[in-house]
Every structure is written in structure tokens, then in C-alpha cells.
């Protein structure tokens, strides 16, 4: 976690739509988590703190409970834990792609915001 300003980072996003979507996602995450957003490195905004233990090495690191990053290609949300509840929600979300722990969307208008809120809420309840 760093002391960098979340607002300064978001304001530096050149694409107006991506910046607006980023602020909307941050507000969603703030409302759901009750946490203040913090920068985790130069481009990830995280909420809450937890200790993550690598299943491969057993190494433990301080990490965020969930997060978000407005990448060049996609809005990346670090919210997936692949529980049954999330699988059903992902089927209803709308246009997206995913990897092991990340959800990728191009624009917030591509997805159902209520379903996205449920995914974020689900991620809050899951222990890392």
C-alpha cells in the first residue's frame, strides 16, 4: 500500500469514459466495503487489508481484500474467488472476460451494475 492519492491517479486517466467508469466503480466498492480506497502500487486501487498466503510457496504478504485497476485495454476488478454464487452471477453480468482472480470489462455500460455490485459484495465476504 502507498500514500499516493487515489483521486490524482483517477484524474490522470486521459479517456473521459474510462475515468467516469473508474469513479463509479470506486464509489460502488466504497459503499459495499465501507473501506477507504488506497493505492496498492502505481495503478491498483484496493479496499481493506488481508494477509494472502501463496498456495504454491506458503509465503505470506499483506494484500487488499479486493481492488480495481483502470488498465489501457480493460477495467480490471480483482474480485473473483470462483465460488458457486459468483459463477451464477457471472452468467448474468453481461459482456466481460475473466482470469483466475480478475474480471475484465471494457465499459461499465456493458454490464448489469446490480449484478456487478453483488459480485463485489460476494468478494468482500470471501476470506482470502
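Nothing in this text is a laboratory measurement; each read-out follows from the coordinates by a stated rule. All values reported here derive from a predicted model rather than from experimental measurement. FYI the Cβ positions are ideal-geometry reconstructions off the backbone, even for glycines, and counts take in every protein chain you see.
Data for the structure
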item	result
Estimated distance in nm for a label pair at residue 110 and residue 12, the labels positioned 7 Å out from Cα along Cα-to-Cβ	2.4 nm
Shape category assigned to segment 2-70 from the gyration tensor of Cα positions, a/c cut at 1.5	prolate
Nitroxide proxy distance, nm - points 7 Å out along Cα→Cβ at residue 43 and residue 71	0.8 nm
Normalised contact order of the chain, rounded percent, pairs of Cα under 8 Å and 6 or more residues apart	21 percent
Computed over segment 39-82, Cα set: Rg, Dmax in Å	11.6, 32
Normalised convex hull volume, the chain, alpha-carbon set, Å³ per residue	105 Å³
Relative contact order for segment 1-54, counting Cα pairs under 8 Å that sit 6 or more residues apart, in percent	39 percent
